[in-house]
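The values are calculated or read from the model by the stated rules, or taken from the named source; none is laboratory data. Since the model is a prediction, treat every value here as computed from it, not as a measurement. Heads up, the Cβs are rebuilt from the backbone with ideal geometry, glycines too, and the neighbour counts pull from every protein chain shown. Note: accessible area is taken over every heavy atom of the protein model, side chains too, but ligands, DNA and RNA are not part of it. Shrake-Rupley method; radii C 1.70, N 1.55, O 1.52, S 1.80 Å.
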Amino acid sequence: MTISGKFITLEGVDGAGKSTHLGFVADWLRQQGREVVVTREPGGTPLGETLRELLLHREMDADTELLLMFAARQEHLAGLIRPALARGAWVVSDRFTDASYAYQCGGRGIAAERIAALEAWVQRGFAPDLTLLFDVPPEVAEARRSAARSADRFEREADRFFSRVRNAYLDRAHAEPARIRVLDARHGIAELQVEIGQLLQDVL
Ligand code: TYD
């Protein structure tokens, strides 16, 4: 029997703690005997990582930022995600297109239709099988961000930017409740891992 791979993404505002759970998701799937590829956006390929450096550290126009996010995503899909899924591996990505809706639409105010047009072009109907959205109130994320190492261009944004990002994520989860599962990231790590394990079991 051929077991086909699935695509799982982790999302949340900066400071929600999603990166902590990335390794857990990968280990959990490996324990089920799956080949797992862990990756991230922007990034995941040599060119994508170069674009990430520019995106995180160089000032640029908001539309340029959006277009570079999707250029990196095209490269990611063509060079890593689609080939991995085709050979049956599971792909776990730290962020994907929901982040463009949250940050570039919610945060920066770019029209959702523009993002949808790029999504249709680059993804041609492709979407994650499961998205874990780590949600925390703005003040909790703020406290975690300020405890973190040197801030990049996004992490230096004002609190109200992150409130818009959070609301855009929650709106998307509301519109696609079967794919986007919201986790209360104020919960302890052990408790969250139990919840994550249950969600992964459902997509296996
Ligand atoms: P992040 O995933 O938070 O990595 P780290 O934990 O190393 O800081 O950094 C990526 C940043 O890129 C994050 O601030 C959100 C932003 N981003 C967008 O604005 N749009 C996108 O489409 C993606 C994928 C990321």
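A few points about this structure:
- Residue list for segment 49-81, restricted to those being closer than 21 Å to ARG124 by Cβ and touching a strand residue (DSSP E or B) at 6+ places or on another chain (Cβ under 9 Å): HIS76, LEU80, ILE81
- Residue check, GLY17 surrounded by fewer than 22 Cβ atoms within 10 Å (Cβ to Cβ), within 10 Å of the ligand (Cβ to nearest atom) and either at pLDDT below 95 or farther than 24 Å from ARG172 by Cα (or both): yes
- Output for segment 89-114, where each listed residue is closer than 25 Å to VAL37 by Cβ and within 11 Å of the ligand (Cβ to nearest atom): SER93, ASP94, ARG95, PHE96, THR97, ASP98, ALA99, SER100, TYR101, ALA102, TYR103
- The single condition from (1) surrounded by fewer than 19 Cβ atoms within 10 Å (Cβ to Cβ); (2) closer than 18 Å to GLY12 by Cα that ARG114 fails is (2).
- Hits in segment 122-142 (condition: acidic (Asp, Glu) and surrounded by 19 or more Cβ atoms within 10 Å (Cβ to Cβ)): ASP135
- Of the helices (runs of 4 or more DSSP H) contained entirely in segment 1-81, those carrying at least 1 residues that are touching a residue at least 24 places away in the same chain (Cβ under 8 Å) and polar (S, T, N, Q) fall at 18-31, 62-76.
- Condition met for ALA72 (near the ligand (Cβ under 10 Å from one of its atoms) and open to solvent by 40 Å² or more (accessible area, probe 1.4 Å)): no
To keep it simple, each residue is scored yes or no on (1) of a type in the set (A, V, I, L, M); (2) within 16 Å of ASP171 (Cβ to Cβ); (3) modelled with pLDDT of 95 or more.
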{"position": "ALA71", "(1), (2), (3)": "yes, no, yes"}
{"position": "HIS76", "(1), (2), (3)": "no, no, yes"}
{"position": "TYR103", "(1), (2), (3)": "no, yes, yes"}
{"position": "TRP121", "(1), (2), (3)": "no, no, yes"}
